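Here's the structure, in structure tokens; my notes come after.
Nothing in this text is a laboratory measurement; each read-out follows from the coordinates by a stated rule. Here the structure is a predicted model, which is why all the values come from computation and not from measurement. Glycine gets a Cβ as well: all are built from the backbone with ideal geometry, and neighbour counts include every protein chain shown.
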Amino acid sequence: MSVPEFDLPDHLAPPLSNGELVFEAPWQGRVFGMARSLCVAGLYSWDEFRERLISAIEQWESAHSNEPEVYAYYDLFLLAFEKLLADKKLLAGDTLSREVARLHARPHDHDHKY
């Protein structure tokens, strides 16, 4: 999936390889897909999401300015997505928190049964 519409400075851009998104875990691709799908469905503009993503990254960088650690891109992507859902009242914050907790409680490989 090529993402020219990201239009972010290099230090804010998603992990890419040959112009394609790189995901280290399945959940990262899923959350990206959900964010794009809701945008395509017209629930918000990609610029609205991008603003929250830039803000999340800038806040993280500001809070960790004295540390050599680099942020985990899709952790902040998810944070920005959750904020957008709450800001747009597409999903109440407590509902989102409960669902995140439920998903975290699932055992490893829960969806890979044969």
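Worth pointing out:
- For the listed peptides 48-61, 19-32, a ranking on the average number of other beta carbons within 10 Å per residue, highest first, reads 48-61, 19-32.
- Prolate/oblate/rounded label for region 4-105 (Cα gyration tensor, a/c 1.5): rounded
- Spin-label zone in region 54-76 - amide nitrogen under 18 Å from a point set 7 Å from the Cα of Glu48 along the C-beta vector: 54-56
- Peptides 65-74, 33-42 ranked from most to least packed give 33-42, 65-74, packing being the mean of other C-beta atoms within 10 angstrom over each peptide's residues.
- Local electrostatic count at Ala56 - Lys and Arg +1, Asp and Glu -1, tallied over other residues with Cβ under 14 Å: -4
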